Amino acid sequence: MEQLFKAWTGYLASGVEAAAGIIIAFAAIEATWRALGVFLARPAAPDEAKEGVRLRLARWLAVALEFELAADILRTAIAPSWDEIGKLAAIAALRTILNYFLQKEIEQNAERQRAVQGHTPIKGG
C-alpha cells in the first residue's frame, strides 16, 4: 500500500511539473508574439508596452513557479532520505524567493501605473 501511495504521488508530482512546463511554454509563445508586435510597431511602441509584455510573462512565470513548488511539496512527502529532502527544501526555497521577487516587481509596476493614472505619489521610491 505504501509503495502504491509513493508511486501515485510521484506520478501526480510529475503531472504538476508537466502542467508548469505547459504554462511556461504557452507564456513564452504569447510573450514572443506580443514582443514582436511591440518591436515591429511603427511608430515605435512606448516603453510601457514593452514593460507590459515583460510583466505579463512574469505573471505567468509566477503561476508556473507555484505549480513547481506544489510538485516539490508532493515529492517531499515521498522523499526516502534526508539528503533528498534537503535538496527539495533548497529548491523549494529558491523557487519561493524567486516567486516573491517576481511578485514584488509586479506589485511595484502596478503601483507605478496607478500613480501615473491617478497622479498619486509612489510609495518607497
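The values are calculated or read from the model by the stated rules, or taken from the named source; none is laboratory data. Since we're looking at a predicted model, the values are computed, not measured. Cβ sites come from the backbone with ideal geometry, for glycine too, and all protein chains shown count toward neighbours.
General remarks:
- Test: residue in the range 53-72 that is over 21 Å from the mean Cα position of the chain (by Cα) and either among the acidic types (Asp, Glu) or on the phi < 0 side of the Ramachandran plot (or both): no
- Condition check for residue 5: part of a helix (DSSP H, G or I), loosely packed, with under 14 Cβ neighbours inside 10 Å and in contact (Cβ under 8 Å) with a residue 24 or more places away in the chain: yes
- Residue in the range 36-55 that is touching a helix residue (DSSP H, G or I) at 6+ places or on another chain (Cβ under 6 Å), under 24 Å from residue 93 (Cα atoms), at pLDDT below 90 and not hydroxyl-bearing (Ser, Thr, Tyr) present: yes
- The numbered conditions (1) surrounded by 14 or more Cβ atoms within 10 Å (Cβ to Cβ); (2) in a helix (DSSP H, G or I) are all true for residue 45 except (2).
- Residue match in the range 71-90 (condition: part of a helix (DSSP H, G or I), more than 21 Å from residue 14 (Cα to Cα) and in contact with a helix residue (DSSP H, G or I) (Cβ under 8 Å, 6 or more places away or on another chain)): no
- Yes/no for residue 58 being over 29 Å from residue 73 (Cα atoms) and surrounded by 15 or more Cβ atoms within 10 Å (Cβ to Cβ): no
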